[in-house]
Amino acid sequence: MSNEAFDPSLLVFAALAAFVLWKLYSVLGMRSERDAPAPPGPLTRRPFPPPPFGAEAEAPRPAEDTDRWTGLAEKGSKAWAGLDAIAAADPKFSGPRFIEGARKAYETIVAAFAKGDRDTLRRLLAPEVYDNFAKEISAREVRGETAEAAVVSIDSSTVEDARSLQGKNAVTVRFAVKLLSVRRDRDGAILEGGLDRPNALVEIWTFSRAPASPDPNWKLVATEHAH
């Protein structure tokens with residue numbers, strides 16, 4: 001993904017809500033429902049190395065393949081047309097490979113934020129988004145609090161919008177996820193959250209990359225609540 005700031009004509013950066021049931025939703029989204037109880041046991045975070053995605057994908061499908069975005073976007077929609085434009089601007093772009101990488105990036109960013117891993121976040125976030133995440137991490141550290149988060153499942157990930165404009169490609173993905181999260185004080189006591197039930201969240205994240213960039217990673221440039 002490109003390190004350049006994302007063109008403001010494409011997106012309006014949404015205000016990030018709080019993480020881990022106290023400020024989780026400012027950076028990751030909103031809780032939409034309570035799911036069934038999760039099995040008891042310690043909360044664990046799975047390691048997800050920051051994955052480059054999209055740029056190194058397999059060769060594009062033929063232009064006459066009119067169903068190439070099936071399963072990613074609604075046929076005839078603005079998102080479908082946008083994916084066509086992105087594929088024209090970047091012949092190596094693969095929709096399935098992009099979605100696979102976006103899902104891994106989602107898990108990586110959630111885990112890195114909970115852990116306070118600024119290096120990983122810096123590689124995967126646009127500067128403005130990174131600044132917001134870093135401020136939340138710093139505030140948590142000042143209070144002596146810790147956070148844990150684990151993605152239980154990503155139930156769906158579809159393309160809401162896609163654009164190719166002014167040398168940059170942008171893809172907006174709608175994630176429906178289930179997440180376990182907890183916030184603890186400096187003594188380890190639980191302040192908010194818990195391990196008994198995952199939270200169902202709906203997230204809309206936008207990733208951007210310049211096709212000419214040597215960096216294969218797409219950067220997270222915006223997050224938004226789904227209502």
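Bear in mind these aren't lab numbers, they're just calculated from the coordinates by the rules spelled out. Keep in mind it's a predicted model, so treat the numbers as computed, not measured. Glycine also receives a Cβ, built like all others from the backbone with ideal geometry; neighbour counts cover every protein chain displayed.
Pick out, from region 69-171, the helices (runs of 4 or more DSSP H) lying fully within it that include 2 or more residues that are under 20 Å from the mean Cα position of the chain (by Cα), among the small types (Gly, Ala, Ser) and closer than 28 Å to residue 211 by Cβ. Steps first, answer last, please.
Numbers: elements: 78-89, 95-115, 118-124, 127-142.
Once the helices (runs of 4 or more DSSP H) in region 69-171 are filtered for at least 2 residues that are under 20 Å from the mean Cα position of the chain (by Cα), among the small types (Gly, Ala, Ser) and closer than 28 Å to residue 211 by Cβ, what remains is 78-89, 95-115.
With the checklist (1) in contact with a Pro (Cβ under 9 Å, 6 or more places away or on another chain); (2) surrounded by fewer than 20 Cβ atoms within 10 Å (Cβ to Cβ); (3) not in a strand (DSSP E or B) in hand, flag the one item residue 178 doesn't pass.
(3)
For region 183-221, which positions are among the small types (Gly, Ala, Ser), surrounded by fewer than 16 Cβ atoms within 10 Å (Cβ to Cβ) and assigned to a strand (DSSP E or B)?
Within region 183-221, just 194 meets the criteria.
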